[in-house]
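Only the coordinates and a few stated rules stand behind these numbers; no lab work does. Owing to the predicted nature of the structure, the values given are computational and were not obtained by experimental measurement. Because the Cβ atoms are built from the backbone with ideal geometry, glycine has one as well, and the counts that use them run over all protein chains shown.
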Amino acid sequence: MDKTTQKTMFSSKTVEWETPATFFDKLNENYGFTLDPCATSGTAKCPQYFTKGDDGLSKDWGGNVVFMNPPYGRVIKDWVRKAWQEGTKPDTTVVCLVPARTDTRWWHDYCMKAEKVYFVKGRLKFGNSNNSAPFPSAVVVFNSKDNPPSLGTMGS
């Protein structure tokens, strides 16, 4: 990993990491996402999306199959809490791509209540980065017990 990439990835210079397209496509095949609540106009993965200016935390996600790759800074706890809350609504599934930070309070308060948790093998390359992320990732699925997701096979 070159020093510039290392400096960016280990700093708080950015909290937004664009989901790798092939990784998203594989998830989308299984879920058929309808909403991306943590997007920019250039990184949106779904036809319906919210940008920072739209404030996805204040919006209703109900009735959607949501793909969420939240900002990875201190606000991640707010996004994961919102994903858990929205996932309790009927006909709503929220699939989150998050750092596998199993030692954090937000992980224990919300991710441990998820319907499913998949740990990603290896390290993802976010956006146009030449290097892999310096952290492991997980896919966390929140949904109402009355509305289990169609998981299909994720493979490894």
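Points 7 angstrom from Cα along the Cβ direction at Gln85 and Arg123: gap in nanometres?
3.4
I'd like the FRET efficiency for Arg101 and Ser58, computed as 1/(1 + (r/R0)^6) with the beta carbon distance as r and R0 of 22 Å, rounded to 0.05.
That gives a FRET efficiency of 0.35.
Relative contact order for the range 16-143 using alpha-carbon pairs under 8 Å, separation at least 6, rounded to a whole percent?
23
Between Asn30 and Ser144, what is the label-to-label distance in nm when each label sits 7 Å out along the Cα-to-Cβ direction?
2.3
Indicate the gyration tensor shape class of the range 16-143 (rounded, prolate or oblate), computed on the Cα atoms with a ≥ b ≥ c the square roots of the eigenvalues: a/c under 1.5 is rounded; otherwise a/b larger than b/c is prolate and the rest oblate.
Because its axes are fairly even, with a/c under 1.5, the range 16-143 counts as rounded.
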